[in-house]
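Notes follow the structure.
Just so you know, all these numbers are worked out from the coordinates, no wet-lab data involved. Bear in mind the structure is a predicted one, so any value in this text is a computation, not a measurement. Cβ sites come from the backbone with ideal geometry, for glycine too, and all protein chains shown count toward neighbours.
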Amino acid sequence: MSSVRGTGDQADTLRQMARSAKRPASATAGSAGAGGQGIRVLSVTSGKGGVGKSNVVANLAMALAQQGKKVLIVDADLGVGNLDVLLGLSPQYNLNNVLAGECSLIDIIVEVSPNIKLIPAGSGVQEYTSLGQHEKLKLLDELDMLEETFDVMIIDTEAGISDNVTYFTVAAQEIIVVVSPEPTSITDAYALIKLLATRYSEYHFKVLVNMARDSEDALEVFRKLANVAGRFLDISLDYLGCVVRDERLVEAVKKQKAVFELFPESDAAGCFSVLAKRIMENNRPTRLKGNIQFFFRRYLDVPAGEQS
């Protein structure tokens, strides 16, 4: 399996940077996650907007934090980022300031709760809606140098198949595709998966069905997506689970709160608890992918016997 040329070139650059970097003891100590297992990087993406992807990210982070995990959320929708608004925050700086060289990543990180930190995205700046090679490497380098330890990093990509979407998705260890029961959502999710498989050599995806009527409705959505993918693509699709349609979630959005925080006994909050547990119980990747990855340097600290 081979990646596209540009992705491979970036990976070669990072490897050279990683081998030549003189890392202080504190950075090496931070190579493992808070639980000592190494950080787990999840990309949450979707083929179209309106499927509740950012809501999934916010609430999943809350559920993971409740289970004792330290979580870093990255709002990677660099055109119209809204996770800070969704969580009722008003950060002074955002990723646009970092990419412009005005400050470092550590300066913009916002505390959502004791176990959750957010890297907010900017909004309304067209310049960074398609990152160049320099910006991509700068962001990778800034993330790699974070000394604070996290168990999980969740990347909230923008919707669709733009270059930024593919970049942030390919750079993650695991890809979660959010889909809703709408036929257009299923079609667009397939288009995204096909692009990632055929152009970026990504063959493993987890599917989360959001706004489902019930578990049977969600399974039917997954079957439809899996059937068409099985006919035309040589990939692995895993059913991660579902979040049921819940009016409490709508109410929470209006109040700029996560439903998991505002209505912890709601059906939707229960779904997020199950999802968080399932994600952490699932087998995690133990090898480097052939392409560029976030926290690449930290993987160099993993004993050889743990990689395959």
Subtracting the Cα-Cα distance from 0.36 nm times the residue separation, let me have the gained length for Val250 to Glu281 in nm, one decimal. 8.3 nm
Listed here are the pairs Lys53/Lys254; Lys224/Lys257; Lys48/Lys194; which of them are more than 23 Å apart at the Cα? Lys224/Lys257
Quick check: from the Cα gyration tensor, does segment 80-234 come out rounded (a/c under 1.5), prolate or oblate? prolate
Cross-link reach from Lys277 to aspartates and glutamates, straight Cα distance under 14 Å and at least 8 residues apart if same chain, gives Asp151
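Taking K and R as +1 and D and E as -1, what net charge do the other residues with C-beta under 12 Å from the C-beta of Gly160 add up to?
Net charge around Gly160: -2.
Quote the relative contact order of segment 56-180 in percent (integer), defining contacts as alpha-carbon pairs under 8 Å separated by 6+ residues.
33
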Each residue of segment 104-117 in turn: what ³J(HN,Hα) in whole Hz from Karplus with 6.51, -1.76, 1.60 and θ = phi - 60°, glycine and Pro shown as x? 9, 4, 4, 6, 9, 5, 10, 7, 8, 7, x, 10, 10, 10
Other-chain or far-sequence residues with amide H under 5 Å of Val41's (modelled H): Met153, Gln173, Glu174
Skipping prolines and chain starts, which residues have an amide H placed within reach, meaning under 5 Å, of the one on Val74, given they are 5 or more residues away or on another chain? Ile119, Ile154, Ile155, Asp156
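Can you tell me the dipole magnitude for segment 174-250 around its Cα centre, using point charges on the Cβ only (Lys, Arg +1; Asp, Glu -1), in Debye to the nearest 20?
220
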Listed highest first by mean packing, meaning other Cβ atoms within 10 Å per residue, what order do 147-155, 170-178 come in? 170-178, 147-155
